[in-house]
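Asker: Okay, handing you the structure first.
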Amino acid sequence: EGRSLETYVLAKIMGHWFRLGIPLTGIIGVISGFASLPLLIGVTLTTLILTFLGAIGSALCLNTKPNTSILLPLLTLPLSIPIMIVSMAAVNNPLNWLSYLALQSGLFLMACALSLMACPFALKLALR
């Protein structure tokens, strides 16, 4: 009561990321021996971006028929491939990884803003 739908959407997205993104980042850090800072930062930002994009796709697929389960990967895959390419480029180019970090940070802010606008709108449409 008194909280906007955007607050609930952000709480659900961050809860999902805390449950899956942080353990994934920790596992990758342990496997790499915490030796590669660009890898850890890149994985953290990539999981955040993919979580926000997945939330948009999930919100758009709420009111679909049960047989259309292929719709969610078709919506999110074209958006996630460039993010994975940027993340791998940052890891493979350790001398210039700060420019990729700036690009990933911009993509994160864009995905966050877009999901906080699109998800509540899609939820309101699904409730009609």
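Asker: Condition first: without any contact (Cβ under 8 Å) to a residue 24 or more places away in the chain and over 18 Å from Ala118 (Cα atoms). Now tell me which residues in the range 36-57 satisfy that.
Answerer: Leu37, Leu40, Thr44, listed by residue number.
Asker: Scan Ile49, Ile28, Ile56 and give me the residue that is part of a helix (DSSP H, G or I) and at pLDDT below 90.
Answerer: Numbers: Ile49 fails: at pLDDT below 90; Ile56 fails: at pLDDT below 90.
After ruling out the rest, the residue left standing is Ile28.
Asker: Also, quick follow-up: On the basis of being under 25 Å from Ser4 (Cβ atoms), buried (at least 17 other Cβ atoms within 10 Å of the Cβ) and not small (Gly, Ala, Ser), does Phe52 make the cut? Walk me through it before giving the result.
Answerer: Working: under 25 Å from Ser4 (Cβ atoms): yes; buried (at least 17 other Cβ atoms within 10 Å of the Cβ): yes; not small (Gly, Ala, Ser): yes.
So Phe52 fits the description; yes.
Asker: Among the residues of the range 21-35, write down those that are among the aliphatic types (A, V, I, L, M) and either touching a residue at least 60 places away in the same chain (Cβ under 8 Å) or exposed (fewer than 14 other Cβ atoms within 10 Å of the Cβ) (or both).
Answerer: Answer for the range 21-35, where residues must be among the aliphatic types (A, V, I, L, M) and either touching a residue at least 60 places away in the same chain (Cβ under 8 Å) or exposed (fewer than 14 other Cβ atoms within 10 Å of the Cβ) (or both): Ile22, Ile27, Val30, Ile31, Ala35.
Asker: Take Lys65 and tell me if it is of a type in the set (D, E, K, R), open to solvent by 80 Å² or more (accessible area, probe 1.4 Å) and assigned to a helix (DSSP H, G or I).
Answerer: In short, no.
The values are calculated or read from the model by the stated rules, or taken from the named source; none is laboratory data. Remember, predicted model here, so these are calculated numbers, not experimental data. No Cβ is skipped: glycine too gets one built from the backbone with ideal geometry, and neighbour counts run over all protein chains shown. Surface accessibility is based on the protein's heavy atoms, side chains included, excluding ligands, DNA and RNA. Shrake-Rupley method; radii C 1.70, N 1.55, O 1.52, S 1.80 Å.
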